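Working notes, structure below.
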Amino acid sequence: MATIQDIFKTPPTLTTASLLRGGPGAFGAPRGAGKTHQGVDIVSNQSSMDKSVYQVLATADGLVAYAMINGTATTGYGYTLVVDHQNGFYTLYAHLAINASGGIVTLGQAVSQGDIIGYLADLANGEKSSGNVLANVVAPYDKIQLHIECFEAPAGRSSTGALSDIKGGSTLDDPTASLMSLGYATY
């Protein structure tokens with residue numbers, strides 16, 4: 001039987017240029033109206049005009065189950081990808097830079113562990129993370145963020161519309177320990 005460790009084999013971002021965000025970015029952190037944060041925020045330092053510093057990698061093999069803007073460029077999750085690992089686990093990658101990430105992978109495409117599936121930013125072209133990225137992140141990490149979730153649901157779900165088509169009835173998992181075991185520091 002698969003476990004959460006089976007889908008976090010590779011860090012989703014460069015650990016030398018990013019950190020796990022504590023407080024409001026932590027798994028289970030309070031949100032308005034009695035809700036909680038469903039994933040973990042990984043923030044990246046605005047240190048380079050080279051977009052390769054902001055690459056987002058597939059943490060394990062799978063099929064792209066979702067690849068589109070969820071919300072808008074400034075609301076919701078922004079540009080979002082979901083990978084179905086075909087073992088009952090999915091990873092969701094949100095707040096990707098729209099122009100830098102769009103078209104890298106497509107719905108139904110197979111991805112391998114370590115493949116570049118998007119970017120957090122492309123500062124040379126003035127692009128930072130998309131969607132409702134909280135602005136109260138400590139500088140120089142402001143507005144460069146990956147929201148990553150892990151959830152369990154039957155394999156084979158995909159959507160060209162609502163994320164709820166994939167996430168409906170799923171079980172959320174806390175990826176914090178798995179991410180820390182891959183070398184992330186936290187603040």
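Here's the picture: a label point sits 7 Å out from the Cα of Ala110 along the beta-carbon direction, and within the range 40-78 the residues with their amide nitrogen under 11 Å of it are 62-63.
Normalising the average separation of contacting C-alpha pairs (under 8 angstrom, six or more residues apart) by the number of residues puts the relative contact order of the range 4-180 at 26 percent.
Counting Cα-Cα pairs of the range 72-159 in 5 Å increments starting at 0 gives whole-percent bin shares of 3, 14, 23, 24, 17, 11, 5, 2, 0. Amide H contacts of Leu57 (H built 1.01 Å from N, in plane; Pro and chain starts excluded): Thr13, Ile117 sit under 5 Å, all sequence-distant by 5 or more or on other chains. Can you give the net charge of the other residues whose Cβ lies under 11 Å from the Cβ of Asp122, counting K and R as +1 and D and E as -1? My count for the surroundings of Asp122 gives 0. Estimated from helical segments only, the mean residue ellipticity of the chain at 222 nm is -1500 deg cm²/dmol, where each DSSP H run of four or more residues counts as -39500 (n - 2.57). Taking one quarter of the surface of the convex hull spanned by the alpha-carbon atoms of the range 37-88 gives a direction-averaged projected area of 5.0 nm². When the Gaussian network model of the chain links Cα atoms closer than 10 Å, the mean-square fluctuations of Arg157, Arg21, Arg31 top out at Arg31. With the gyration tensor restricted to C-alpha atoms of the range 4-180, the semi-axes of the equivalent ellipsoid amount to 22, 18, 16 Å, longest first.
Laboratory data are not the source of any read-out in this text; all were calculated from the coordinates shown. Note that the coordinates shown come from a computational prediction; the quantities given were computed from them, not determined experimentally. Note that each Cβ is placed from the backbone with ideal geometry, even for glycine, and that neighbours are counted across all protein chains shown.
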